[in-house]
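> Below is one structure. I have some questions about it.
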Amino acid sequence: MANKNAGIYNAPKELGWPKTIVLGFQHVFAMFGATVVVPIITGLNVQTTLFCAGIGTLFFHLVTQRKAPVFLGSSFAFLGGFAAVKALPLTDAAGNALTEAEKLPYACGGIVIAGLVYVVLAALIRTCGIKRIMRFFPPVVTGPIIILIGLILAPNAVNDASSNWLLAVVAIVIVVAANIFGKGMIKIIPILLGIVGSYIVALVTGSVDFSAVGPAPIIGMVPITLAKFDVSAIIIMVPIALATMMEHVGDIAAISATCNRNFLANPGLHRTLIGDGVATSIAGMLGGPANTTYSENTGVLALTKVYDPVIMEIAAVVAICFGFVPKFGEFIHTIPTATIGGVSFILYGMISAIGVRNVVENQVDFTESRNVLIAAIILISGLGFNSIGGITFHVASASITLSGLAVAAILGILLNAIFPGNDYEFSEEEFTENAVRDEVGEIVG
């Protein structure tokens, strides 16, 4: 067996298939908690979400030539987009207002287009070089946008938690305790533990409804809801890709340093972006949430020092299999709204905190007026326009609505390009160092 300090890159050969399969299941547990929370919050189907995560991960490995040990799970960044699409005044062909559930396919349509933005960026990076393109997306723009996503979602967490504060507080306390005091796997899955702990309290207090679980079959087809397209929904979703693409770069850098391989160079950032973006578009087309590279699984890589991509492929196959178990999906839907509100309290706050960390660790100089103005306009325009339902205008016979987040992203990119003093230089080496400390250091420390 190879020296474990150097890492294991061929798990079946060095560990044997039984241990390799166990490691694959461990990655399923690492991604599971966060991945299923997204459909629970948005109203999407859990089976479809797991199926799309598995299919997306396998597609990613195909595009990246099976070189990068990555798992693609549900992205929390698009939660604000789902909330904004649900607030749109969409109607059917007869002019009747759509319900929030009926608007979900339009949100998924926006995700399809957002995923294709990754492909555009990959083409630009391949053609122009990464440093030239990244000048348009410096931390002074992406950081406040990430902060804004969490702030926009905050009222939703409070509304959900207020339905039963006992369950919400139990979830919050467990998540915080596991994250601060937990070791090993407990520290990796605090969200899952928070949901389980709050759910147990809900069972004891009689707050769980199992009426839909009994009739559901054990085995069945994955529910597929094809995406629908609306210009306003697309405009809401696409700017979010600016933040998730930066998250992607950070995660790939973190995985590169963890595995002692430069995946930014080989298979190349353009390939990983295409894998992530197209996987996201596939998920949206089938009625699932956007995909993203999962830091939870990066933490597991750091703990186990087993870097073979085949373990992620095993996890992907397991996730696909879960997609064909309707009873499991209905069981997940018995989780009380207040429990989700409790974990959302933490999740939404963490999104904003990540944005703050992005700004701090990239040493954005807020003694410079240009940086202060860009950040201020992003935050105020995002929150302000979101509070009034965005900006609606008409092009020919089409009514187009720009959400607060969309307005903020557009203004941030334009102001950064127009204002003098844009001296940001993207450094692959510095990014890798920061990413490893952020995404892995806390877990293994």
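The values are calculated or read from the model by the stated rules, or taken from the named source; none is laboratory data. Quick caveat, the model's predicted, so the values are computed rather than measured. Quick reminder, even Gly has a Cβ in these numbers, built from the backbone with ideal geometry, and neighbours come from all protein chains shown. With ligands, DNA and RNA removed, areas are computed over all heavy atoms of the protein, side chains included. Shrake-Rupley method; radii C 1.70, N 1.55, O 1.52, S 1.80 Å.
> Test of understanding: in a Gaussian network model of the chain with alpha carbons linked when under 10 Å, which of Arg132, Arg271, Arg357 would top the mean-square fluctuation ranking?
Arg132
> Now for a separate question. Place a label point 7 angstrom from the Cα of Phe136 along the Cα-to-Cβ direction, then list the residues of region 108-122 whose backbone nitrogen is under 19 Å away.
Under cut-off, by backbone N: 113-122.
> Sorted by accessible area with a 1.4 angstrom probe, largest first, how do Glu14, Glu368 fall?
Glu368, Glu14
> Ordering Arg126, Arg66 by how much accessible area each has at a 1.4 Å probe, largest first, what is the list?
Values: Arg126 170, Arg66 140 Å².
Ranking Arg126, Arg66 by accessible area, largest first, yields Arg126, Arg66.
> Still on this structure, I have one more. How large, in percent, is the carbon and sulfur part of the accessible surface of the chain at a probe radius of 1.4 Å?
Numbers: 12090 of 18280 Å².
After summing per-atom areas, the C and S share lands at 66 percent.
> In addition: Compute the length gained on full extension between Ile410 and Phe25: take 0.36 nm times their separation in residues and subtract their Cα-Cα distance, giving the result in nm to one decimal. Write down the numbers at each step before the final one.
On the way: separation 385, 0.36 × 385 = 138.60 nm, distance 4.13 nm.
So the extension gain works out to 134.5 nm.
> Anyone know which of Gly129, Gly390, Gly197 comes out most mobile in the 10 Å Cα GNM of the chain?
Maximum among the listed residues: Gly129.
> If you don't mind, there's one more thing I want to ask. Can you work out the accessible area per residue across region 23-129, with the rest of the protein chains kept in place, probe 1.4 Å, in square angstrom? Intermediate values should be presented prior to the final figure.
Details: 3530 Å² over 107 residues.
Each residue of region 23-129 exposes 33 Å² on average to a 1.4 Å probe.
> In what order, largest first, do Thr292, Thr392, Thr304 sit by accessible area if the probe radius is 1.4 Å? Walk me through the numbers on the way to the answer.
On the way: Thr292 5, Thr392 80, Thr304 40 Å².
Largest accessible area first, the residues go Thr392, Thr304, Thr292.
> Please work out which option in [x] 60, 53, 38; [y] 90, 60, 44; [z] 61, 58, 54 gives Cα extents along the principal axes in Å calculated from these coordinates, and answer with its label.
So the calculated entry is the one marked [x].
> From Cα pairs below 8 angstrom and at least 6 apart in sequence, can you work out the relative contact order of the chain, rounded to a whole percent?
Computed over the chain, the figure is 34 percent.
> List every residue whose amide H lies under 5 Å from the amide H of Ile8, counting only residues 5 or more places away in sequence or on a different chain, with H placed 1.01 Å from N in the peptide plane.
For Ile8, whose amide H was placed from the backbone, the distant partners under 5 Å are Val306, Tyr307.
> Given a 10 angstrom Cα cut-off, can you work out which residue in Gly24, Gly81, Gly95 is the most mobile in a GNM of the chain?
Of Gly24, Gly81, Gly95, the most mobile in the Gaussian network model is Gly95.
> Keeping to pairs on different chains or 8 or more places apart, tell me how many lysine pairs in the chain have Cα atoms under 20 Å apart.
The number of close lysine pairs in the chain is 13.
> Let me ask you something else. Which value at 222 nm does the chain reach when only helices count, each DSSP H run of 4 or more adding -39,500 (n - 2.57), with the total divided by all residues and rounded to the nearest 500 deg cm²/dmol? Spell out each step's value before the answer.
On the way: 20 runs with 293 residues, N = 445.
Result for the chain: -21500 deg cm²/dmol, rounded to the nearest 500.
> Compute, for Met246, the solvent-accessible surface of its heavy atoms (probe 1.4 Å) with the complete set of protein chains present, and express it in square angstrom to the nearest 10.
Around 20 Å² of this residue is reachable by solvent.
> How many angstrom separate the Cα center of region 26-94 from the Cα center of region 289-364?
First find each Cα centre; the distance between them is then 9 Å.
> So, one more: Which cross-chain or sequence-distant (5 or more) residues have an amide H under 5 Å from the amide H of Leu72, H modelled 1.01 Å from N in plane?
Thr57
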